Amino acid sequence: MSLKVERASLAEQVKEILINRIIEGKYKGGERLIELAVAKDLGVSQAPVREAFQQLVAMRILESEPHKGTRVREITDCEMGESTMVRGYLEEAAARHAVHALKDKLDDLRAEVQGMLDALEKGNFVAVAKHNVNFHRAIVHASGNQVLISVWESLAFEAKSRLCAQKAAYSVMLNGVKSCEPIIEAFSRGDGETAGRLLRLQTEKCGDVQKTATQRLTPADLHKALAAYKPAAT
């Protein structure tokens, strides 16, 4: 394999490949990643691999220790729940400041919710995570608070959401999607306080449930649940 990308984006491309391999299970939790071996496999120099490793360590996807090398971190359900709780408080604050900026972007939020539903019906959990991240990121960035945005992004919600989606219970994801509609409705009324409170409650509930969720709905039951769920009209 040899990457053919612009130098400026090479480390980012390497990072995404490594994240995808971790999600797909090619790299297991606790497995050691050797910089030179990864570089040879991807057909790149060690510099972008080293930079990608550093970014993933900062995101707490990898961990690095002196004399032990770099390994894939085991991200537990408990850790995901704690991270989700922190994210909820940040999003609650963001919503209060984002309400006016989102007034003309509600259709974008609804499109992300529909994207989640479509992806869930197809069993495409990576796409579910992508639309979910887009929904929450739109709200956070609309706040215009650069410090808040930076802290939110540092939680690596996007990467961890994709990792979590591979083992999340269908019921958890479906309930999470359903709970987006009241948030949009609150924004449509110009009620940032309520939208923020609902965002916090949404993340807290998802985090708590995900810590112990082990059962998936059967595909048949999932399709029945999706058919019974009718999102609010735009």
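The values are calculated or read from the model by the stated rules, or taken from the named source; none is laboratory data. Quantities reported herein were computed from a predicted structural model and do not represent experimental measurements. With ideal geometry, Cβ positions are generated from the backbone for all residues, glycine too; neighbour counts draw on all protein chains shown.
Being surrounded by 14 or more Cβ atoms within 10 Å (Cβ to Cβ), polar (S, T, N, Q) and at pLDDT below 75: is that true of residue 161 here? Yes.
Of all residues in region 44-82, those satisfying the criterion of being among the β-branched types (Val, Ile, Thr) and either touching a helix residue (DSSP H, G or I) at 6+ places or on another chain (Cβ under 8 Å) or closer than 16 Å to residue 21 by Cα (or both) are 44, 49, 57, 61, 70, 72, 75. Taking the numbered list (1) within 15 Å of the chain's Cα centre (by Cα); (2) free of Cβ contacts under 8 Å to residues at least 60 places away in the same chain in turn, residue 104 passes all entries but (1).
Considering each of 38, 126, 140 in turn, give the residue that is in the same structural domain as residue 200 (by TED's automatic domain parsing), over 23 Å from residue 195 (Cβ atoms) and of a type in the set (Val, Ile, Thr).
Numbers: 38 fails: in the same structural domain as residue 200 (by TED's automatic domain parsing); 140 fails: over 23 Å from residue 195 (Cβ atoms).
Of 38, 126, 140, the one residue that is in the same structural domain as residue 200 (by TED's automatic domain parsing), over 23 Å from residue 195 (Cβ atoms) and of a type in the set (Val, Ile, Thr) is 126.
Among the residues of region 61-86, those identified as at pLDDT below 85 and either among the β-branched types (Val, Ile, Thr) or within 28 Å of residue 205 (Cα to Cα) (or both) are 74, 75, 76, 77, 78, 79, 80, 81, 82, 83, 84.
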